[in-house]
1. Quick one: in region 109-166, of everything that is touching a Leu at 6+ places or on another chain (Cβ under 8 Å) and of a type in the set (Ser, Thr, Tyr), which residue is nearest to Ser243 (Cα to Cα)?
2. For the subset of region 254-293 comprising residues that are assigned to a loop (DSSP other than H, G, I, E, B) and under 18 Å from the mean Cα position of the chain (by Cα), which member is surrounded by the most Cβ atoms within 10 Å (Cβ to Cβ)?
3. With the condition kept exactly as written, say whether any residue in region 225-242 is of a type outside the set (Phe, Trp, Tyr), under 15 Å from the mean Cα position of the chain (by Cα), open to solvent by 20 Å² or more (accessible area, probe 1.4 Å) and modelled with pLDDT under 95.
4. Scan region 139-150 and tell me whether some residue there is small (Gly, Ala, Ser) and closer than 26 Å to Ser78 by Cα.
5. Considering only residues that are open to solvent by 40 Å² or more (accessible area, probe 1.4 Å) and among the hydroxyl-bearing types (Ser, Thr, Tyr), look in region 169-218 and name the one that is nearest to Glu157 (Cα to Cα).
6. Given the residues Arg298, Arg247, Arg303, which is the only one that is surrounded by 16 or more Cβ atoms within 10 Å (Cβ to Cβ), of a type in the set (Lys, Arg) and not in a loop (DSSP other than H, G, I, E, B)?
7. Which of the helices (runs of 4 or more DSSP H) found entirely inside region 1-98 contain at least 3 residues meeting this: under 18 Å from Thr222 (Cβ atoms)?
8. Condition check: of a type outside the set (A, V, I, L, M, F, W, C), touching a strand residue (DSSP E or B) at 6+ places or on another chain (Cβ under 8 Å) and open to solvent by 50 Å² or more (accessible area, probe 1.4 Å). Does Lys83 satisfy that?
Amino acid sequence: MEFKHYTVMKQEAVDALECRSGRVYVDCTLGGGGHSELILQRIQPDGRLVAFDIDQDAIDAASERLKDYKNLTIVKASYTNIKQTLAELGIEKITGGVLFDLGASYHQFNKANRGFSFSKEAPLDMRFNQDADFSAYDVVNGYSENDLVQIFSEYGEERFSKRIAKKIVEVRKAKNIETTTELADLIVNCTPHIKTSIHPATRVFQAIRIEVNQELTNVKNTLNDVLDLLDINAIISVISFHSLEDRLVKNLFRYHSQKCHCEPNQMICKCPPPKLELVNKKPIIASDEEIKLNPPSRSAKLRIARCIN
């Protein structure tokens with residue numbers, strides 16, 4: 001299957017990095033290479049780009065697309081390894097900027113055997129990293145009812161989480177749930193039929209995907225690691241696709257851009273100076289034109305901050 005990936009807010013996200021020759025940039029989510037290609041075009045002749053991905057399909061496609069650029073290093077690893085990887089490459093600081101484009105790609109959702117989509121018959125998988133052992137099958141068939149309720153509620157904000165979790169546990173006593181369509185049909189059949197444009201399985205599938213790939217934990221930990229790696233005036237640019245991710249990025253940026261975190265009754269402030277300066281207080285969203293070309297981009301939010309300390 002040809003690798004297809006629409007690069008969301010390509011111009012906006014790369015413009016935010018203020019790309020210049022002679023500086024080091026990191027693309028934490030290489031995907032199809034759209035953001036990386038534009039960064040590489042703008043940092044010639046002496047800039048350097050390090051790009052991370054754990055999806056071999058993405059790496060193969062991007063490697064071919066970017067084969068003529070000599071100042072690119074593609075790393076098959078999770079962006080959670082950014083500190084160790086940059087140290088191994090002899091890079092002490094990210095002097096230009098870092099970009100995160102969070103979430104699954106078009107290719108992952110539409111390649112049948114990846115198991116991300118409830119509209120395609122496939123084994124329950126949902127792994128970004130296909131070398132990983134843990135998959136959606138393990139969550140659905142191995143988690144307790146209480147644990148399923150927790151992830152459906154927390155990661156999917158699913159109002160019928162208890163009902164769905166109870167039904168999953170009931171069904172799997174007779175036979176394990178093997179496929180995406182089995183799970184989707186179960187969800188449809190055990191929840192009220194509400195008039196909405198959102199499929200009843202959407203939130204549960206999102207929750208399982210987040211759990212399988214530890215997305216929120218990885219984003220939070222890596223953003224904190226990146227703050228230690230940014231040089232003064234380097235930029236961090238983050239595109240998120242659902243409210244949980246966006247809230248996490250927003251809160252972290254806000255915390256590190258505040259001058260004081262003291263309790264109201266504390267007389268003397270001993271807080272360290274802020275690390276970040278917010279470039280945009282409100283998130284940038286995709287243009288109407290882009291949303292027409294790629295409807296999923298309507299949920300994308302771009303937040304940008306600059307390292308000042």
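1. Applying the filter and picking the extreme gives Tyr155.
2. Ala286
3. Within region 225-242 (the criterion being of a type outside the set (Phe, Trp, Tyr), under 15 Å from the mean Cα position of the chain (by Cα), open to solvent by 20 Å² or more (accessible area, probe 1.4 Å) and modelled with pLDDT under 95), the answer is yes, since at least one residue qualifies.
4. So far as region 139-150 goes, yes, one or more of its residues are small (Gly, Ala, Ser) and closer than 26 Å to Ser78 by Cα.
5. Thr202
6. Arg303
7. By residue number, 82-88.
8. no
The values are calculated or read from the model by the stated rules, or taken from the named source; none is laboratory data. Owing to the predicted nature of the structure, the values given are computational and were not obtained by experimental measurement. Counting neighbours? That spans all protein chains shown, and the Cβs are built from the backbone with ideal geometry, glycine included. Side chains are part of the model used for accessible areas, which takes the heavy atoms of the whole protein and leaves out ligands, DNA and RNA. Shrake-Rupley method; radii C 1.70, N 1.55, O 1.52, S 1.80 Å.
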